[in-house]
Amino acid sequence: MNYSSPAVDVFVPDGRSVAEALARTTHLCLAAHQDDIEIMAYHGIGECHGRKDRWFTGVVLTDGSGSPRSGKFANHTDEQMKAVRRAEQRKAAKLGQYAAVIQLAHPSTVVKSSKSAAVLADLAAILSSCPAKIVYLHNPADKHDTHVAVFLRCLEALRALPKGKRPQQILGCEVWRNLDWLVDTDKVLLDDSANPALAAKLIGAFQSQIAGGKRYDRASAGRRLANATFHTSHATDAAKAITWAMDLTPLVLDEKLSVEQFTLAHLDRLRADVAGRIRKFA
Ligand SMILES: [Zn+2]
């Protein structure tokens, strides 16, 4: 399979061909940066880990060159940083027993352009040979520009698939901005309780991101625990770790549905929920 960037990196941990790895994929995550997959889609990794009937594939769209650096990485050039992050993503794929990880290595400026045919061509090639039933994306209310741009490119690629070939469930997950603000009926609960040691090791693989004092490892575990505990006030915690997701399936099934209106309708429901509770007791 040919991808548009010469720097693309394809890794199949168990050594099979990429075509085989994609053909057996049941859970797919399309993310902006190295380590986003492990933060947002641990649910999929955990569901597939150690199974022969379910396989997880991760795709990273950008090249990771713009990442902040400090500590022992402080003097790394952009090229060195890209190499470090590529290796870290491969390590996570090995630990997590992914079917494959594909790092498309686009500069984030290219991903942000709605006219970028190269990004769409790469995504189309992956999606057409990958029968995933569940796809994890960034959510459209994320506050990171690149995440929202990546989400939009992925949506365009999914909408370009023939209707019968579109995945059954598309989920927008938390990274830069939690989804705890969704009203409960809008929340999709991703139970991340399984194998906490693996969850920790996966984020721990990205030392270049953590070393400078950004404790993504603790923050991810903390967010999942907080989501589980603050989910319901009167019940004990059924899940020990939760990632919240927004159900994006309607956007993929209906290509005329406006992303902006669809997303803002979630905020309208939050607004009505807050107003309703205040009025009830005023
Ligand atoms: Zn990111």
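The values are calculated or read from the model by the stated rules, or taken from the named source; none is laboratory data. What you are looking at is a predicted structure, and each value in this text was computed from that prediction instead of being measured. Note that we place each Cβ from the backbone using ideal geometry, even for glycine, and neighbour counts take in every protein chain shown. Note: areas computed on protein heavy atoms with side chains; ligands, DNA, RNA excluded. Shrake-Rupley method; radii C 1.70, N 1.55, O 1.52, S 1.80 Å.
Tabulated data for the structure shown
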| quantity | calculated |
| --- | --- |
| Sites Ser70 and Asp247, calculated FRET efficiency, Cβ-Cβ separation with R0 45 Å, nearest 0.05 | 0.75 |
| Over the chain, relative contact order from alpha-carbon pairs under 8 Å, at least 6 apart, % | 21 percent |
| Fraction of alpha-carbon pairs over 30 Å apart in the chain - percent | 28 percent |
| Unit charges on C-beta of K, R, D, E only; dipole of the chain, Debye | 220 debye |
| Residue pairs, from the table Lys52/Lys201; Lys115/Lys256; Lys112/Lys256; Lys82/Lys165; Lys52/Lys91; Lys52/Lys72, whose Cα atoms sit over 29 Å apart | Lys82/Lys165; Lys52/Lys72 |
| Choice from Ala226, Ala241, Ala99 showing the highest fluctuation, given a GNM over the chain with Cα pairs closer than 10 Å | Ala226 |
| Accessible surface, the chain, averaged per residue in Å² (probe 1.4 Å) | 47 Å² |
| Residue-count net charge about Gly15 - beta-carbon cut-off 15 Å; Lys, Arg +1, Asp, Glu -1 | +2 |
| Net length gained if the chain between Ala226 and Glu79 were fully extended (0.36 nm per residue, minus Cα distance) | 49.2 nm |
| Of the chymotrypsin sites (Phe, Trp or Tyr not before Pro) in the stretch 225-282, those whose Cβ has at most 14 other Cβ within 10 Å and which sit in DSSP loop | Phe230 |
| Lys/Arg +1, Asp/Glu -1 at C-beta; the chain dipole; positive extreme among Gly213, Ser67, Tyr98 | Gly213 |
| Rough spin-label spacing in nm, given labels placed 7 Å along Cα→Cβ, for Lys163 and Ala219 | 4.2 nm |
| Carbon + sulfur, % of accessible area of the stretch 134-280 - ligands and nucleic acids excluded, 1.4 Å | 56 percent |
| Chain lengthening between Val10 and Ala272 when straightened (0.36 nm per residue, less Cα-Cα) | 89.7 nm |
| Extension gain, Phe281 back to Ala235 (0.36 nm per residue minus Cα-Cα distance, nm) | 14.3 nm |
| Estimated inter-spin distance, Lys94 and Gln261, nm [label 7 Å along Cα→Cβ] | 5.0 nm |
| Residue-level accessible surface for Ser233, protein heavy atoms, 1.4 Å, Å² | 110 Å² |
| Ranked by how many other beta carbons lie within 10 Å on average, peptides 80-86, 3-9 from highest | 80-86, 3-9 |
